[in-house]
Amino acid sequence: MYDAKLEISRLLTPHVASLDIQEIYDMLEVPPNPEMGDFALPCFKLSRIMRKSPVQIAQELAAAVQTNEHVRRIESISGYLNFFLNRSQFIKQTLGYILESGENYGSSDMGEGKTIVIDYSSPNIAKPFHVGHLRSTSIGNSLYRIFKFMGYNCVGINYLGDWGTQFGKLITAYKHWGSEEAVKKGLVKELVALYVKFHQEAEQNLELEEEARQWFARLEQGDEEAHRLWKWFIDISMEEYQKIYDLLGVKFDSYNGESFYNDKMQPVIQELKNKGLLKESQGAMIVDLEEEGLPPCLILKSDGSSLYATRDIAAAIHRKNTYDFDKCIYVTGVSQSLHFKQWFKVIEKMGYDWHKDLYHVPFGTVSIGGEKLATRTGKVVLLEEILTKAIEKTLEIIEEKNPNLENKHEIAKQMGVGAVIFSDLFSNRIKDVSFSWDEVLNFDGETGPYVQYTHARACSVLRKAGEEGSISQTDFDSSILSSDEEYKLVKTLSQFPAKIKQALDDLEPSVITRYLVDVAQDFNRFYHEHSILVEDKSLRNARLALVQATKLTLSNGLWLIGLHAPERV
Ligand code: ARG
């Protein structure tokens with residue numbers, strides 16, 4: 001990749017004796033305003049080493065450093081040294097590289113030989129798949145693709161919540177108020193209704209809780225009836241979740257959920273005992289974390305049953321043994337932060353140095369129309385309803401704007417679902433998001449449909465030019481692309497690899513989502529200001545190269561956040 005910043009660092013290094021090229025490279029900034037140049041060296045950072053004022057340093061460097069074919073002008077302004085690139089050189093190198101890289105533009109092999117485990121989605125069986133799980137699914141899926149694009153081996157795990165005392169409650173509720181017919185008809189909705197009913201009834205009738213405990217104990221002991229019902233609830237739930245994953249285009253490498261670890265906890269508990277970490281506290285077994293300033297991590301309840309943390313510890317050890325991961329990433333709501341802090345500490349106390357490779361990637365809550373979502377009260381918005389509605393609404397827009405579009409149901413699906421994912425990945429993940437239909441589906445706003453529409457617009461220009469794929473990186477004269485809009489667009493396109501790297505380092509897909517909006521906006525500004533299919537052959541070719549590079553960047557970027565890039569919309 002052509003790196004203009006590196007060219008500037010090369011020019012500067014001989015004149016800043018005490019620093020090496022990497023240090024200078026890291027010091028260079030992009031000025032807030034393009035009139036101040038493409039890059040700037042804030043000279044106050046050199047003041048102490050060079051024992052001069054920033055203004056003086058900037059002036060002396062401006063006089064000493066020579067321009068060349070990459071850098072056309074160097075200016076000192078109030079303690080900053082500003083660099084102006086040779087535009088045509090920059091455009092030629094950058095577009096050439098993008099077109100040559102094609103579908104691989106932005107990718108790298110930095111992850112070769114390394115494995116990343118990503119634990120995401122992980123809905124709870126017999127509970128609805130709600131918008132919180134969508135966030136986990138879309139963030140996890142995007143991180144999976146980002147790491148893969150950078151050459152890592154990825155293992156996506158859907159750690160299903162398929163074990164725990166809630167199954168005792170559900171079986172109890174089913175026995176009292178349920179029927180095979182009703183469950184077959186209502187599916188997860190009916191299971192949720194039974195679960196809600198249990199909690200309502202249990203407020204008056206305390207015996208129900210005891211009954212639920214007994215059913216769960218029977219389940220743990222392998223009782224035939226309890227096991228059959230549990231398995232049935234899983235099958236019903238999975239079938240429903242699978243529909244959602246199909247809509248979202250998400251796949252997993254493993255569905256090993258909590259129940260998979262039932263027989264893997266005992267050895268871990270033994271290990272904790274052997275290492276002197278297990279302590280009794282009010283009948284329960286805990287790992288004390290007082291020294292670490294954390295509440296104790298509960299390992300066994302007083303009745304001997306295991307907990308969420310117990311299973312997570314067993315699962316992490318099993319994953320380390322199975323995949324020898326470089327990183328193991330957990331994508332859940334921020335409300336689980338303490339849980340992860342606690343059991344990560346337990347792993348550390350067990351003496352595993354790979355505790356530092358465990359990452360909790362938390363995200364904020366999702367509300368719809370100002371209301372938070374909870375299962376117990378039954379106030380949930382099912383994701384399937386949201387997706388279906390998004391698709392319907394997109395279809396309405398297509399019917400209005402482009403009724404003759406081929407394959408419009410498939411496109412409506414790609415855009416409607418894309419709109420929902422995009423809005424989910426737009427803000428920093430830790431921020432709470434509030435979902436609004438008008439914002440999510442706006443074709444002109446900072447939305448998925450807007451970026452997809454821009455991509456399709458680029459495709460349509462290329463189709464019209466009748467040359468899709470035939471533009472080579474050499475048959476255009478870059479010096480022709482001289483306008484501010486063209487230069488700005490190329491600069492933005494050139495940032496793609498750095499943006500992916502940042503998204504990967506920060507485990508933050510929103511870096512890419514927002515970047516795609518920048519690309520789309522810069523492209524549309526260029527598109528409105530300039531005709532592309534002009535008579536002049538070399539100008540036409542140069543602009544088509546720019547369109548082609550934009551199309552590649554958008555489709556690669558959309559893929560990284562889990563969206564389709566339809567060629568016509
Ligand atoms: N099933 C949990 C929930 O829905 C998320 C599981 C996250 N993964 C983990 N290894 N704890 O809240």
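Quick check on residue 112: is it away from the ligand (no atom under 16 Å from the Cβ) and under 26 Å from the mean Cα position of the chain (by Cα)?
yes
Output the residues belonging to region 492-503 that are open to solvent by 50 Å² or more (accessible area, probe 1.4 Å) and in contact with a helix residue (DSSP H, G or I) (Cβ under 8 Å, 6 or more places away or on another chain).
495, 499, 502, listed by residue number.
Among the numbered criteria (1) open to solvent by 60 Å² or more (accessible area, probe 1.4 Å); (2) within 16 Å of the ligand (Cβ to nearest atom); (3) without any contact (Cβ under 8 Å) to a residue 12 or more places away in the chain, which one does residue 298 miss?
Of everything listed in (1) open to solvent by 60 Å² or more (accessible area, probe 1.4 Å); (2) within 16 Å of the ligand (Cβ to nearest atom); (3) without any contact (Cβ under 8 Å) to a residue 12 or more places away in the chain, residue 298 misses just condition (3).
Does region 115-124 hold any residues that are surrounded by fewer than 21 Cβ atoms within 10 Å (Cβ to Cβ) and within 14 Å of the ligand (Cβ to nearest atom), and which are they?
124
Output the number of the condition that residue 75 fails; it satisfies all remaining conditions of (1) in a helix (DSSP H, G or I); (2) at pLDDT 95 or above; (3) farther than 30 Å from residue 189 by Cα.
For residue 75, the exception is condition (1).
Within region 340-360, restricting attention to residues that are open to solvent by 20 Å² or more (accessible area, probe 1.4 Å) and in contact (Cβ under 8 Å) with a residue 40 or more places away in the chain, which residue is farthest from the ligand (Cβ to nearest atom)?
Checking each candidate, the answer is 351.
Could you check how many residues of region 262-278 are of a type in the set (A, V, I, L, M, F, W, C) and out of contact with any helix residue (DSSP H, G or I) (no Cβ under 7 Å at 6 or more places or on another chain)?
So the count comes out to 2.
Hey, among 186, 161, which residue is within 16 Å of the ligand (Cβ to nearest atom), closer than 26 Å to residue 383 by Cβ and small (Gly, Ala, Ser)?
161
Considering only residues that are β-branched (Val, Ile, Thr) and either at pLDDT 95 or above or in a helix (DSSP H, G or I) (or both), which ones fall in region 165-200?
171, 172, 183, 188, 192, 196
Which residues, taken from region 304-339, are away from the ligand (no atom under 12 Å from the Cβ), of a type outside the set (Gly, Ala, Ser) and without any contact (Cβ under 8 Å) to a residue 60 or more places away in the chain?
317, 320, 321, 322, 338
Looking at 384, 396, which is the one that is among the acidic types (Asp, Glu) and free of Cβ contacts under 8 Å to residues at least 40 places away in the same chain? Working first, answer last.
On the way: 384 fails: free of Cβ contacts under 8 Å to residues at least 40 places away in the same chain.
It is 396.
If a residue counts only when it is in contact with a Ser or Thr (Cβ under 9 Å, 6 or more places away or on another chain), under 23 Å from residue 106 (Cβ atoms) and of a type in the set (Phe, Trp, Tyr), which helices (runs of 4 or more DSSP H) contained entirely in region 1-54 have at least 1 such residues?
Passing ranges, in order: 21-27.
Tell me which residues, restricted to region 4-59, are free of Cβ contacts under 8 Å to residues at least 60 places away in the same chain and acidic (Asp, Glu).
20, 23, 26, 29, 35 - these are the residues of region 4-59 that are free of Cβ contacts under 8 Å to residues at least 60 places away in the same chain and acidic (Asp, Glu).
Yes or no: residue 231 basic (Lys, Arg), closer than 27 Å to residue 158 by Cα, out of contact with any strand residue (DSSP E or B) (no Cβ under 8 Å at 6 or more places or on another chain) and within 16 Å of the ligand (Cβ to nearest atom)?
no
Taking into account only those residues within region 230-239 that are surrounded by fewer than 20 Cβ atoms within 10 Å (Cβ to Cβ) and not β-branched (Val, Ile, Thr), which is nearest to the chain's Cα centre (by Cα)?
Looking only at region 230-239, we keep the residues that are surrounded by fewer than 20 Cβ atoms within 10 Å (Cβ to Cβ), and these are 231-232, 234-236, 238-239.
Within this subset, residues satisfying the condition of being not β-branched (Val, Ile, Thr) are 231-232, 235, 238-239.
On the way: 231: 32, 232: 33, 235: 28, 238: 23, 239: 25 Å.
Top of the filtered list is 238.
In the set 148, 127, which member is away from the ligand (no atom under 14 Å from the Cβ) and either open to solvent by 10 Å² or more (accessible area, probe 1.4 Å) or under 24 Å from residue 387 (Cα atoms) (or both)?
Unique residue meeting the criteria: 148.
Of the conditions (1) in contact with a Ser or Thr (Cβ under 6 Å, 6 or more places away or on another chain); (2) open to solvent by less than 10 Å² (accessible area, probe 1.4 Å); (3) away from the ligand (no atom under 16 Å from the Cβ), residue 105 clears all except one; give me its number.
Condition (1) is where residue 105 drops out.
Name the pairs: first residue in region 185-204 and more than 17 Å from residue 235 (Cα to Cα), second residue open to solvent by 50 Å² or more (accessible area, probe 1.4 Å) and not aliphatic (A, V, I, L, M), Cβ to Cβ under 6 Å, at least 6 apart or on different chains?
197/177; 199/376; 202/209
Out of all the residues in region 153-173, which are buried (at least 23 other Cβ atoms within 10 Å of the Cβ) and of a type in the set (Ser, Thr, Tyr)?
Scanning region 153-173 gives 159, 172.
Consider region 18-32. How many of its residues are open to solvent by less than 60 Å² (accessible area, probe 1.4 Å) and touching a helix residue (DSSP H, G or I) at 6+ places or on another chain (Cβ under 6 Å)?
The number of residues fulfilling the criteria is 4.
Going through region 116-164 one residue at a time, which ones are assigned to a loop (DSSP other than H, G, I, E, B) and of a type in the set (Lys, Arg)?
Of everything in region 116-164, just one residue is assigned to a loop (DSSP other than H, G, I, E, B) and of a type in the set (Lys, Arg), namely 127.
The values are calculated or read from the model by the stated rules, or taken from the named source; none is laboratory data. The model shown is predicted, which means the values in this text are computed figures rather than measured ones. Counting neighbours? That spans all protein chains shown, and the Cβs are built from the backbone with ideal geometry, glycine included. The protein model used for the area step is the full one, side chains on, heavy atoms only, and it has no ligands, DNA or RNA in it. Shrake-Rupley method; radii C 1.70, N 1.55, O 1.52, S 1.80 Å.
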